[in-house]
Amino acid sequence: LSPLSSQSLLFLGLVAAVCLGLNLLFLIVYLICLCCCKRDQDPETKRPHSCCVTWMAVTAGLLCCAAVGIGFYGNSETNDGVFQLLYALDHANQTLTDIDSLVASTTLQMQGGLEQHLARLNELLASRGDYVQTLKFTQQLAGSIVLQLQGLPAWRGVSADLTELSGQVAYVEYYRWLAYLLFFILVLTVCLLACLGLAKHSRCLLVMMLCCGLLMLVLSWASMAVDTAAAVGTSDFCVAPDKFIMNQTDDEISAEVVHYYLYCDQSLSSPFQQALTVFQRSLTTMQIQIQGLIQYALPLFPTAEVQEGGAGDLHPFFCSPQLPDPLLFPQKDLLGVQQLLNSSETSLHQLTALLDCRGLHKDYLDGLIGICYDGVEGLLYLGLFSLLAAAAFSTVICAAPRAWKQLAGRDRDYDDMDEEDPFNPQARRIATHRPPRGQLRSFCSYSSSLGSQSSLHPPAQTVSNAPVSEYMNQAVLFGGNPRYENVPLIGRGSPPPTYSPSMRATYLAVTDEHVRHRGDFSA
């Protein structure tokens, strides 16, 4: 990367760090304001804002689900773009490897097999000067072909660089894809934990939700910084890929060759045109010379072919049954030279097709499309995922203190109930923690305000037909001590099932006034 690009990436990292700091500062200010507002309120007017907590939880859940969906799409797009780049790199690498292989095999044929056949033909045709000149001329043409092949660029170094680059990109992409997949699962797990903590009203889960929310908030902004830096770095490469490639291959491949493959302008001639033309012309001339030797030189020699087992076939030009010496037989070498030239012609056609710019230029465009379109698009979606995740966990952190206050207010109202109330749901729990005590008279007994119960003559009441055991069971359930009742609760001035201390005082006052009124009426 250029110094300007490095500065841009550093600037983006600092921007992400500043955004994280501002986000944390906002959360701290929000928590301070929330605590101050709660402290300034009158204790009698404090009420849990359950509706606000519910809507904040719903908002955080929706943001989390949307973020994960967008993140999966962006991760898939980035992975598709990178694998398209890897496919293009592998295909281009295979093309360059085939070019080097064809050049090496053709050079080996011209320097090895062809020279051996020509050396033997020089010995066999040494008596004929014109044939010897033809063989020397053929050998010169073979040397010219070898010289032209050696002038072609050697792609071995570039192929090794592409192989290394492809391996590194595949390695990084695999762990990047896996890391984001685990990150998505972690985001969903934390959101589920937050919903579970709010639903179960568990302080332990709320504390875990707050800690995990802070951790995920930091990770979200870190992911945002990485995605933005990767998108900017990739975009910088996509703006001028030719300059980057020329700088990387300047030491191994000439600028003319790189320009030919990058732009593939049909109006410009190929830098390999001259070498391929000389190759083709030399090969054609060699084929003509060898064909002439086969046509005119073979009739001067016995041409009986040695078969397996020692049997011989007569040549149509000579009828001598005598088998010649195989070492003095030139047909094998001439046919071997002709076969080598035909194989070299096939290699020439394949080499011409591989050196054409259209194949490698297509791989170049496919790689650019994969990394510059799909790859950058996926990184942008991943950046959007990071923003939504940060917003979701900020909402979760804001909801945690309100939920905590709501739980504290609920416990305070629950503990405000009278422990002596037999209808208090906590009575059974309290009775298990206290030693058993004797029978206590009900606070609403008539003797507590007017003395003995025998001095009172309340009006006759209709006796309930309900079983006595029903009321006894109710007393055991709510008070812990069985009390036998012979009148129903309704109609005899019994207290309500649950009440606060203020309601108890009001009830006692009303009961005393009611009893006094009945005493006056009886008198």
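The values are calculated or read from the model by the stated rules, or taken from the named source; none is laboratory data. Everything numeric here is computed off the predicted structure, so don't read it as measured data. When we count neighbours, we look across all protein chains shown, and the Cβ atoms used for this are built from the backbone with ideal geometry, even at glycine. Note: areas computed on protein heavy atoms with side chains; ligands, DNA, RNA excluded. Shrake-Rupley method; radii C 1.70, N 1.55, O 1.52, S 1.80 Å.
For the range 58-153, rounded, prolate or oblate, judged on the Cα gyration tensor with a ≥ b ≥ c (square roots of eigenvalues), a/c < 1.5 rounded, else prolate if a/b > b/c? It comes out prolate by the Cα gyration axes. Note on the range 141-262: with neighbouring protein chains present and a 1.4 Å probe, carbon and sulfur make up 70 percent of its accessible heavy-atom surface. P(r) tail for the range 182-299: Cα pairs beyond 18 Å make up 75% of the total.
Using 0.36 nm times the number of residues separating GLU123 and GLN295, minus their current alpha carbon distance, what extension gain do you get?
Working: separation 172, 0.36 × 172 = 61.92 nm, distance 1.86 nm.
Taking GLU123 through GLN295 to full extension adds about 60.1 nm, to one decimal.
Could you compute the FRET efficiency for LEU147 and LEU196, with r as their C-beta to C-beta distance and R0 at 45 Å, rounded to 0.05? Present the calculation step by step, with values, prior to reporting the outcome.
On the way: r = 78 Å, r/R0 = 1.74.
Taking R0 as 45 Å, the efficiency between LEU147 and LEU196 is 0.05.
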